[in-house]
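Asks: Mind looking over this structure? Questions follow.
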Amino acid sequence: MQKVDDLKLLQDLIISKHQAIQQTANRLYDIDGSIRNIKEPIYDIPTAIDVISTGTYPRLPECIQLEVCFFLFFFLKKFLYRK
């Protein structure tokens, strides 16, 4: 009878280890799927070098430059001509 009990304990241990390995494999599969959706941003190295070396941003798109100039014009106009 002792051998049957020992074999039953061994069977339970093997089942427990199998379930743990299966859960780990499922988690790793899920993590792999979510990691594939994460992408590192593409850094703009030439612009970073310009900003660090010259302190300017020469590659600023023209539409943004115009918007900034427009904003500064009205801000200065309001500031200079306030009563």
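What follows is calculated from the coordinates using simple rules that are stated; it is not laboratory data. Keep in mind the model is a prediction, meaning the values are calculated, not measured. Neighbour counts run over all protein chains shown; Cβ positions are idealised from the backbone, glycine included.
Asks: For helix 45-54, what angle does its Cα long axis make with the longest principal axis of the chain, in degrees from 0 to 90 and rounded to 10?
Replies: The helix 45-54 is inclined about 50 degrees to the chain.
Asks: Follow-up question, since we're still on this one. When the convex hull of the C-alpha atoms of the chain is computed, what volume per residue in Å³ does it have?
Replies: 223
Asks: A follow-up question, please. Give the lysines reachable from LYS17 as a straight Cα distance under 23 Å; neighbours fewer than 8 places away on the same chain don't count.
Replies: LYS17 reaches LYS3, LYS8.
Asks: For the chain, build the charge dipole from Cβ charges (+1 Lys, Arg; -1 Asp, Glu) around the Cα centre, then report which of THR56, LEU13, PRO46 sits farthest towards its positive end.
Replies: Among THR56, LEU13, PRO46, the one farthest towards the positive end of the dipole of the chain is THR56.
Asks: Between ALA20 and LEU72, what is the label-to-label distance in nm when each label sits 7 Å out along the Cα-to-Cβ direction?
Replies: Computed distance between label sites ALA20 and LEU72 equals 6.6 nm.
Asks: For the chain, which chymotrypsin sites (Phe, Trp or Tyr not before Pro) are both in a DSSP coil and crowded by at most 10 other Cβ atoms within 10 Å?
Replies: TYR43, TYR81
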